[in-house]
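Take a look at the structure set out below.
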Amino acid sequence: MMLLVGLVGFLFSTLAGLMAYLIFIQAYGKHFTDKARARKQALRGALTAFLFLFGLTLLMAFVVNRFF
């Protein structure tokens, strides 16, 4: 069960990270003249979104598995 939740969490966290990257790159592209810096900042934001959501998924899977 924990493996299934981890795989689904990875899938949706990856999708959320990709969407965050697209949103950030559009926003930062308007504010930075250097496109490489905009891509770097967008990648950082996308990675943060991915790690936060994946960590939250694993934490919730552990709590549900442990207490229910």
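Each reported figure results from applying straightforward, stated rules to the coordinates on display, with no laboratory input. Treat the numbers as computed from the prediction; the structure is a model and nothing was measured. Counting neighbours? That spans all protein chains shown, and the Cβs are built from the backbone with ideal geometry, glycine included.
Evaluate the charge dipole of the chain about its Cα centre and quote only its size in Debye, nearest 20, assuming +1 on the Cβ of each Lys and Arg and -1 on the Cβ of each Asp and Glu.
280
Can you tell me the 0 to 90 degree angle between the C-alpha axis of helix 2-31 and the longest principal axis of the chain, rounded to 10?
Result, in degrees: 20.
Taking the chain as the reference, fit the longest principal axis to its C-alpha atoms, fit the long axis of helix 35-67 to the helix C-alpha atoms, and give the angle between the two in degrees, 0 to 90, nearest 10.
Tilt of helix 35-67: around 10 degrees.
Taking other Cβ within 10 Å of each residue's Cβ, how do Leu51, Leu4 sort, fewest first?
Neighbour counts put them in this order, fewest first: Leu4, Leu51.
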